[in-house]
Amino acid sequence: MSLISKLWKLDPFECASGYLGNLPGNELYLHNFIDGQFSEQHPPEKWLDSHNPGPARYWPRHLRVVNRAVEAASRVFPLWSKSSRQERSDVLLRIASIIQEKRDTFAVWESLDQGKTLLRARVEVDRAISNFRYFATYILHEEGSVRFVDGQPSTLTYEHRSPVGVFALISPWNMPLYLLTWKIAPCIAFGCTGVAKPSEVTSITSYLLGEVFRQAKLPPGVMNIIFGDGPGTGSALVKSPRVRGVSFTGGTKTGIRIRQDTVEDIGKHLSLELGGKNPTLIFDDVDFAEAVPLAATAAFENNGQICLCGSRIYVHADIYERFCSEFVEYVQKHYRCGDTVGPVVSKVHYDKIRTYLLQAQTENVTFLLSEVPTKTSGNGYWITPTVLSNVDDQSIIQREEIFGPVVTISVFGTEEEAIELANDNPNGLASILLTKDVSRMRRVAERIDAGLVWVNCWLVRELGTAFGGMKASGTGREGGAHSRDVFTNLRTIHVR
Ligand code: NAD
């Protein structure tokens, strides 16, 4: 039985982790999905390692191939770009239904691979299904723009869009399936073809996705999935002259690298969704029973490994002491390693977070909850949710994205000061504002430097709205018509 058939059938969590524990040599070989097939025949010298973050270790190994995948996507583009909307919609709906049927399998592998809880993994699989359903129907109800030229009644002007071409779709490790399908679904829907490269750290659900495409009868080559690292595979992919667009989600440094690597190819479409260091502003009129759980969820969901997490909390001076104590109590009670909290994704990431916490120690930051973790014993990469206070505004703890279960709490006096503190950061992805005052909601929300502002809520998404960041958090927006801008070329036609 092929590996894909085996993984496809292992559903319950215990069964999948038992399978991993018994793998000969503890190795799992993932093959690229190119031109509608898994390419099992390639030589083993190009394999790449990755590790399970939890105690049941295994090593998925990935193969890199770029040219064959770009070639397959280029070959089928002329045909796919002319396919009917109905055909594209049907195939996207079939993909959604197959993932829906295999929801638990996807959730189990996502949880094992990334370290997230099964509960969290299920939410993300559901969101991946919505990505396909949303764009499948969006294209059937698309509207364009027609204008009449003043003084020339017989001239009609309209906007016409055509698919851009082959896309490189590159995603990070924190929400592997959800973020990659957020790119794949519109790419296919708007008539482009693509080569998707998931993070080398978490590739298994993308591997399963290849099987979904095969079963859904997506024409070979329309979407290819390749596994490999960033500097080798990812970089070769974005630089390929036949790749006409890049939709990238990942770290800001990588985004800058991609921009540099593509600067000469001016017509290449570029959408960069990058890192965040998001503020949560808590005013003195909030209900504690709502504000505390909301701020905690925003800080610690998926172990703080979501680009949108509120990792800098600012609290009004009048409620600061009470908030700190209730927040710590709540986090201690609800976020327990091995139960409601999983391990962080990798050793490299564990070491990175630990380095920030060691730095906090040298800066005499107050650890309101938890402490610097001891070196990992090989039993998984566990970091207890950590709450810090007395952090200097200019400290790297406050300025840089830690991307783990670490939150800082600081104080503000006035509304003006709250806005200043929120904006005093190179990033501008998201922000959270907690207040009951309706006029303040608008006053503050409209002045925060962030692509997304959540007022009295967090992580609410409507797939037609713009998603993306300001400042160092990226360029371009995705979602609904914004994704259409990424994946199509726009021409204006004047007809007399
Ligand atoms: P990363 O930038 O290291 O890697 C992301 C992807 O880029 C991986 O697939 C990697 O292999 C690839 N890559 C690396 N170097 C490359 C290069 N030179 N050319 C092409 N591809 C390359 O990020 P990560 O550590 O996987 O993910 C964490 C980061 O992602 C955080 O900064 C987080 O905030 C960000 N993120 C942003 C969003 C968003 O929507 N804005 C969502 C999730 C995560």
Exercise. At positive phi and either out of contact with any Ser or Thr (no Cβ under 8 Å at 6 or more places or on another chain) or not assigned by TED's automatic domain parsing to the domain that holds residue 484 (or both): does that describe residue 144?
Worked result: no
Problem set entry | Failed condition for residue 65, given (1) free of Cβ contacts under 8 Å to residues at least 40 places away in the same chain; (2) not in a helix (DSSP H, G or I) | (1)
Exercise. For region 281-304, how many residues are out of contact with any His (no Cβ under 8 Å at 6 or more places or on another chain) and either of a type in the set (Val, Ile, Thr) or farther than 20 Å from residue 389 by Cβ (or both)?
Worked result: 10
Problem set entry | Residue among 212, 164 that is among the β-branched types (Val, Ile, Thr) and either in contact with a strand residue (DSSP E or B) (Cβ under 7 Å, 6 or more places away or on another chain) or outside the structural domain of residue 95 (by TED's automatic domain parsing) (or both) | 164
Problem set entry | Subset tally (residues that are among the small types (Gly, Ala, Ser), within 14 Å of the ligand (Cβ to nearest atom) and assigned to a helix (DSSP H, G or I)) for region 201-213 | 1
Exercise. Of all residues in region 252-279, how many are within 16 Å of the ligand (Cβ to nearest atom) and outside any helix (DSSP H, G or I)?
Worked result: 15
Exercise. Out of 192, 187, which single residue is crowded, with 24+ Cβ neighbours inside 10 Å, within 20 Å of the chain's Cα centre (by Cα) and either away from the ligand (no atom under 14 Å from the Cβ) or not assigned by TED's automatic domain parsing to the domain that holds residue 67 (or both)?
Worked result: 187
Exercise. Mind checking which residues of region 435-451 are surrounded by 17 or more Cβ atoms within 10 Å (Cβ to Cβ) and more than 14 Å from residue 281 (Cβ to Cβ)?
Worked result: 451
Exercise. Within the group 231, 198, 172, which residue is without any contact (Cβ under 8 Å) to a residue 40 or more places away in the chain, outside the structural domain of residue 307 (by TED's automatic domain parsing), within 12 Å of the ligand (Cβ to nearest atom) and touching a helix residue (DSSP H, G or I) at 6+ places or on another chain (Cβ under 8 Å)?
Worked result: 198
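The values are calculated or read from the model by the stated rules, or taken from the named source; none is laboratory data. Quantities reported herein were computed from a predicted structural model and do not represent experimental measurements. Counting neighbours? That spans all protein chains shown, and the Cβs are built from the backbone with ideal geometry, glycine included.
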